[in-house]
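J.: Here it is, the structure in full.
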Ligand SMILES: NC(=O)c1ccc[n+]([C@@H]2O[C@H](COP(=O)([O-])OP(=O)(O)OC[C@H]3O[C@@H](n4cnc5c(N)ncnc54)[C@H](O)[C@@H]3O)[C@@H](O)[C@H]2O)c1
């Protein structure tokens, strides 16, 4: 099938590369010429396991191309996916400018019937707006061309995006048109062979499903973080509580790891958009507001613990920070707790030496002007640092050389923002251990 993907970011590029891998003819469209030029030369601008190989192989085979020529890309395709950004407005609602700009452009250029599939995360009712925008542009041209708008939210996770796209738990397609249902069924059939994973639902149902999924996951995280805060006060080890509740099949072990809060480009903005949608629907004091509040506080919990240990003036202190990306296996720092933590430490006079396998370059821009140095060597970061703060659970941080850390860290203290380490093991090596929800096991 011939497909155009408009917006070649995390979602658009992965979608395009995976559809091309299945034999489709895919053209990825973007307004960022530099990015397009790089992609044509096999330079993938984001870190995502397996993506570079797919992009290079499918570009070489001619099934995957990159262009800024919107009109020819759309008019050469049966399906046009919208995969542009939907950042938050001041009031938390989703800014639909990019989505509606693309819709307008589609209406201005289409010359043949097409299925427009919205992959961007958008509030309930956006497909109607997209349809109206295309209709208005067509009317302006005095044309009447058939088109359908379907909602096809994306559930991939950064860090395992290719794997998630290739082997999805489910593919949700919101459509009221049997014809576009057939087109989407054909397109996604290859990803749903072993088991029927395609769920055809109403357009508004699909739009809400994406937000409900992210809000549910964010709720689990904030719930557990709040339990951890209680554990800190009540002398309970949250890790034992986590294992105790996670073994209950009704609760399950995923997304109940206490830590420094969720980040990334999706959960924070999607929860805020959910709050906005709930308020539009007349709901007050929603669970989503509590989830968001807990997360904002949670991002600073480690800073509070550092202050409790070293005092509020951190001048002259150096902290090694392991992990900048919002999660492992990505270079994305949007909404990352580590960036918030680094800023707050620097504001209190501290120097930060940050280590991350992928996210150093992007962090340099985000933390510009602050007293932050960078290294890819974790033990160069900890050399002569006062303490170590672990924020992202990259594999290489999971089993550190505690003996070396004990000799390097001036205060011999580890702030374990992901509860990665066994406190007793830290103590055995002469280290102080400070985790989240584990003050009862604060060993020294
Ligand atoms: N990142 C994720 O893990 C993820 C997962 C599921 C859903 N989503 C949703 O998917 C959407 C895209 O997210 P992303 O992370 O891929 O964004 P992104 O910022 O990485 O990429 C968006 C791309 O769209 C391009 N763009 C903007 N306006 C354009 C236009 N008029 N024409 C062509 N290209 C244009 C930008 O240049 C950019 O390359 C968002 O709604 C997001 O919420 C993201």
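The values are calculated or read from the model by the stated rules, or taken from the named source; none is laboratory data. All of these numbers come straight from a predicted model, not from anything done at the bench. No Cβ is skipped: glycine too gets one built from the backbone with ideal geometry, and neighbour counts run over all protein chains shown.
Conditions (1) modelled with pLDDT of 95 or more; (2) buried (at least 18 other Cβ atoms within 10 Å of the Cβ); (3) out of contact with any strand residue (DSSP E or B) (no Cβ under 6 Å at 6 or more places or on another chain), marked per residue:
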{"position": "193", "(1), (2), (3)": "no, no, yes"}
{"position": "218", "(1), (2), (3)": "yes, yes, yes"}
{"position": "242", "(1), (2), (3)": "yes, yes, yes"}
{"position": "250", "(1), (2), (3)": "yes, no, yes"}
{"position": "258", "(1), (2), (3)": "yes, yes, yes"}
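J.: Considering only residues that are out of contact with any helix residue (DSSP H, G or I) (no Cβ under 8 Å at 6 or more places or on another chain) and surrounded by 14 or more Cβ atoms within 10 Å (Cβ to Cβ), which ones fall in the range 357-371?
T.: Passing the criteria: 358, 359, 360, 362.
J.: Quick check on the range 56-76: of everything there that is within 14 Å of the ligand (Cβ to nearest atom) and surrounded by 16 or more Cβ atoms within 10 Å (Cβ to Cβ), which residue is nearest to residue 117 (Cα to Cα)?
T.: Out of the qualifying residues, it is 74.
J.: Checking the condition away from the ligand (no atom under 14 Å from the Cβ), crowded, with 16+ Cβ neighbours inside 10 Å, at pLDDT 95 or above and more than 17 Å from residue 70 (Cα to Cα), which residue from 141, 131 passes?
T.: 131
J.: Given the condition within 23 Å of residue 434 (Cα to Cα), part of a helix (DSSP H, G or I) and without any contact (Cβ under 8 Å) to a residue 24 or more places away in the chain, answer yes or no: does some residue in the range 304-314 qualify?
T.: yes
J.: Which one is farthest from the ligand (Cβ to nearest atom) among residues in the range 21-54 that are in contact with a strand residue (DSSP E or B) (Cβ under 7 Å, 6 or more places away or on another chain) and either free of Cβ contacts under 8 Å to residues at least 60 places away in the same chain or farther than 19 Å from residue 191 by Cα (or both)?
T.: Checked the range 21-54; the qualifying residue farthest from the ligand (Cβ to nearest atom) is 25.
J.: Can you name the residue in the range 66-103 that is free of Cβ contacts under 8 Å to residues at least 24 places away in the same chain and within 19 Å of the chain's Cα centre (by Cα) and is also farthest from residue 56 (Cα to Cα) among such residues?
T.: The residue in question is 89.
Per-residue answers, yes or no, for (1) on the phi < 0 side of the Ramachandran plot; (2) assigned to a loop (DSSP other than H, G, I, E, B); (3) surrounded by fewer than 21 Cβ atoms within 10 Å (Cβ to Cβ):
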{"residue": "13", "(1), (2), (3)": "yes, no, no"}
{"residue": "18", "(1), (2), (3)": "yes, no, no"}
{"residue": "23", "(1), (2), (3)": "no, yes, yes"}
{"residue": "34", "(1), (2), (3)": "yes, no, yes"}
{"residue": "39", "(1), (2), (3)": "yes, no, no"}
{"residue": "42", "(1), (2), (3)": "no, yes, yes"}
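J.: Output the residues belonging to the range 410-419 that are assigned to a loop (DSSP other than H, G, I, E, B) and more than 17 Å from residue 231 (Cα to Cα).
T.: 410, 411, 412 - these are the residues of the range 410-419 that are assigned to a loop (DSSP other than H, G, I, E, B) and more than 17 Å from residue 231 (Cα to Cα).
J.: Would you confirm whether or not the range 421-437 contains a residue that is touching a residue at least 40 places away in the same chain (Cβ under 8 Å), outside any helix (DSSP H, G or I) and surrounded by fewer than 23 Cβ atoms within 10 Å (Cβ to Cβ)?
T.: There is no residue in the range 421-437 that is touching a residue at least 40 places away in the same chain (Cβ under 8 Å), outside any helix (DSSP H, G or I) and surrounded by fewer than 23 Cβ atoms within 10 Å (Cβ to Cβ).
J.: Same structure, new question: With respect to residue 265, determine if the residue is under 22 Å from residue 362 (Cβ atoms) and surrounded by 20 or more Cβ atoms within 10 Å (Cβ to Cβ).
T.: Spelling it out, residue 265 is indeed under 22 Å from residue 362 (Cβ atoms) and surrounded by 20 or more Cβ atoms within 10 Å (Cβ to Cβ).
J.: Continuing with this model, one more query. Just the residues that are assigned to a loop (DSSP other than H, G, I, E, B), on the phi < 0 side of the Ramachandran plot and either modelled with pLDDT under 95 or surrounded by 18 or more Cβ atoms within 10 Å (Cβ to Cβ) (or both), please, taken from the range 328-354.
T.: Within the range 328-354, 328, 330, 331, 332, 333, 334, 336, 350 qualify.
J.: How many residues are in contact (Cβ under 8 Å) with a residue 60 or more places away in the chain and away from the ligand (no atom under 13 Å from the Cβ) when one looks only at the range 4-20?
T.: Residues meeting the conditions: 2.
J.: Right, another one. Is at least one residue of the range 101-120 out of contact with any helix residue (DSSP H, G or I) (no Cβ under 8 Å at 6 or more places or on another chain) and within 14 Å of the ligand (Cβ to nearest atom)?
T.: Yes, the range 101-120 contains a residue that is out of contact with any helix residue (DSSP H, G or I) (no Cβ under 8 Å at 6 or more places or on another chain) and within 14 Å of the ligand (Cβ to nearest atom).
J.: Right, next: Of all residues being in contact with a helix residue (DSSP H, G or I) (Cβ under 7 Å, 6 or more places away or on another chain) and part of a helix (DSSP H, G or I) in the range 89-100, which is surrounded by the most Cβ atoms within 10 Å (Cβ to Cβ)? Just the residue, please.
T.: This residue is 99.
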